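Input: a single structure, listed below in C-alpha cells.
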Amino acid sequence: MTILQELQTAAGATFTDGIPTTYGNDDAARTAAATGVALCDRSHWGYLEVSDSDRIRFLHNQTTNDFMTLQPGQGCQTVFVTSTARTVDLVSAYVLEDAVRLLCSPTCRESLLAWMDRFIFFSDKVQLKDITELTATLSLIGPQSHELLQSLGLDMVEQPPQSHRIVKLGGIEVRVAAGSGLASPGYTLFTDIDAAPELWRLLTDRGALPLGDRLWEELRIMQGRPVPEQELTEDYNPLEAGLWQAVSFNKGCYIGQETIARLHTYGGPKQLLWSLELSGPVATGERITVDGERAGVVTSVVQTPQGWRGLGYIRSKMGGAGLNFRSGEIAGTVVEAPFLTRQAES
C-alpha cells in the first residue's frame with residue numbers, strides 16, 4: 001500500500017482495485033461538494049502526453065476542438081471521435097510549452113493511446129507517452145475551492161476552464177488547472193506521484209473533505225457528465241451527448257467533421273442526452289417510452305438522497321425538459337443537467 005493510500009485508509013477509505021470508493025462520509029462529502037470543498041483522488045484517470053513539433057496540428061486534426069488558437073497555459077475540453085463522428089472519449093487538454101497533456105477517462109487510457117498511435121504517419125513529428133503512473137491527479141470540488149487555494153497564496157478566481165499554471169503549494173510543485181471535471185466549481189491538481197501524500201495532507205489540513213469514487217459517480221450522473229461505455233459510445237455523436245462546448249464549428253477538417261457540420265447545419269441532432277428523475281430503479285439499457293411509443297434509452301442510473309436519478313437519450317421530436325415518460329414500470333421526468341450544453345458558444 002502506498003503512503004497516500006495509508007493516509008486515505010486512516011481517513012476511512014474503502015478501496016476497489018486500488019481506487020478509494022468511499023470514505024464512509026458520503027453525506028458530509030456531498031455537502032462539502034455543494035457548499036464547501038471536497039477532495040477527490042482521480043489518479044486512476046488516464047494522463048497522456050503528446051509532444052514533438054507536430055503535436056498541436058495532430059490534436060487539432062484528431063479531435064473536435066480548436067487547438068491552433070491555444071497558447072501555453074490554456075486548455076480546452078475536446079472529444080475524440082470516429083470517422084462518422086461517434087464518440088470515443090471526452091478529454092481535458094492542457095497546452096504546455098513543449099507538450100499537450102490529456103486527462104482522459106479511466107477506461108480509455110490504453111485504448112486512446114493506441115487510437116492516436118494509429119493516426120501518426122511516418123512524416124509526423126508526434127510522440128506519445130503514458131504518464132499516468134508518474135502523476136497524482138486530485139480534484140477540488142465545491143464553491144470554497146477558491147478560498148482554499150487563496151489560503152495557500154494562489155488566486156485563480158475567474159480563470160477560463162482548463163487554464164493552468166505551475167505553482168508551489170506548501171513547497172510542492174503542482175500544476176493547477178481550472179475546472180473540477182464536473183459542473184461544480186473547482187480545480188484539478190497534478191503533481192509528481194511521490195509528492196501526492198504531502199499534497200493530500202496539505203489540502204485536507206486546509207479543510208478539503210475526502211470524497212470517494214462512488215460519490216463522484218453520483219455527482220457526474222446528477223450533473224450530466226457523459227462517460228465512455230455508457231453515454232459515449234459508437235451509437236452517439238458529441239452534439240447528441242450535450243458536448244457542444246467541446247466542439248469548434250469554425251475550424252477546418254478533422255476526423256468526423258463532416259458529420260458534425262451536417263448535423264449543425266441541417267436541423268440538429270435527432271436525439272439528445274438528458275437528466276432523468278425516476279420513481280424507482282431502472283436497469284441501464286432499458287427503453288424509455290412516451291404514451292407507449294419508444295422515445296429513448298436509459299444509460300446511467302444512481303440512487304441519491306433525493307431519489308433515483310439517471311441519464312438517458314431522448315428522441316428530439318418527443319420533447320425535452322418536463323417530458324413525462326415510463327421505463328418499464330417506472331415513471332420518470334426529463335430535466336436539465338448543468339454539465340450538458342446544447343448550442344455553440346458565441
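The values are calculated or read from the model by the stated rules, or taken from the named source; none is laboratory data. Keep in mind that what you see is a predicted model, and the values were worked out from it rather than measured. All Cβ positions, even for glycine, are placed from backbone atoms using ideal geometry, and neighbour counts span all protein chains on display. Accessible surface areas use protein heavy atoms only, side chains included; no ligands, DNA or RNA. Shrake-Rupley method; radii C 1.70, N 1.55, O 1.52, S 1.80 Å.
Each row is one residue, and each column tells you yes or no for (1) modelled with pLDDT of 95 or more; (2) touching a helix residue (DSSP H, G or I) at 6+ places or on another chain (Cβ under 9 Å); (3) closer than 18 Å to R309 by Cα; (4) acidic (D, E).
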| residue | (1), (2), (3), (4) |
| --- | --- |
| K168 | yes, no, no, no |
| P185 | yes, yes, no, no |
| L202 | yes, no, no, no |
| P210 | yes, yes, no, no |
| R214 | yes, yes, yes, no |
| P228 | yes, yes, no, no |
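A344 meets each of the listed conditions (1) out of contact with any helix residue (DSSP H, G or I) (no Cβ under 7 Å at 6 or more places or on another chain); (2) more than 17 Å from L232 (Cα to Cα) apart from (1).
Looking only at residues of the range 235-246 that are hydrophobic (A, V, I, L, M, F, W, C) and within 12 Å of F80 (Cβ to Cβ), we find that the one that is surrounded by the most Cβ atoms within 10 Å (Cβ to Cβ) is L243.
Anything in the range 155-166 that is under 23 Å from E198 (Cβ atoms), among the aliphatic types (A, V, I, L, M) and in contact with a helix residue (DSSP H, G or I) (Cβ under 8 Å, 6 or more places away or on another chain)? List them, or say none. Within the range 155-166, just M156 meets the criteria. So, in the range 173-187, how many residues would count as being closer than 17 Å to E133 by Cα and of a type in the set (V, I, T)? Selection size over the range 173-187: 1. Among the residues of the range 16-41, those that are outside any strand (DSSP E or B) and under 15 Å from Q144 (Cα atoms) comprise A28, A29, R30, T31, A32, A33, A34, T35, G36, V37.
Residues considered: D41, D27, D17. Of these, the only one that is surrounded by fewer than 17 Cβ atoms within 10 Å (Cβ to Cβ) and under 21 Å from the mean Cα position of the chain (by Cα) is D17. Residues being charged (D, E, K, R), part of a loop (DSSP other than H, G, I, E, B), open to solvent by 50 Å² or more (accessible area, probe 1.4 Å) and modelled with pLDDT of 95 or more are entirely absent from the range 63-85.
Quick one: would you say L232 is farther than 20 Å from G332 by Cβ, touching a residue at least 40 places away in the same chain (Cβ under 8 Å) and surrounded by 19 or more Cβ atoms within 10 Å (Cβ to Cβ)? Against the criterion (farther than 20 Å from G332 by Cβ, touching a residue at least 40 places away in the same chain (Cβ under 8 Å) and surrounded by 19 or more Cβ atoms within 10 Å (Cβ to Cβ)), L232 qualifies. Remark: pairs (first residue in the range 334-346, among the basic types (K, R); second residue not in a loop (DSSP other than H, G, I, E, B); Cβ separation under 8 Å; 6+ apart in sequence or on different chains) = R342/W244; R342/L272.
Scan the range 86-101 for residues that are open to solvent by less than 10 Å² (accessible area, probe 1.4 Å) and in contact (Cβ under 8 Å) with a residue 60 or more places away in the chain and the total you get is 5. Of everything listed in (1) in contact (Cβ under 8 Å) with a residue 24 or more places away in the chain; (2) open to solvent by 20 Å² or more (accessible area, probe 1.4 Å), the single unmet condition for Y266 is (1). Put simply, of H60, H44 the only residue that is touching a residue at least 24 places away in the same chain (Cβ under 8 Å) and outside any loop (DSSP other than H, G, I, E, B) is H60. If only residues of the range 106-143 that are under 22 Å from V174 (Cα atoms) and acidic (D, E) are counted, the one that is least open to solvent (accessible area, probe 1.4 Å) is D130.
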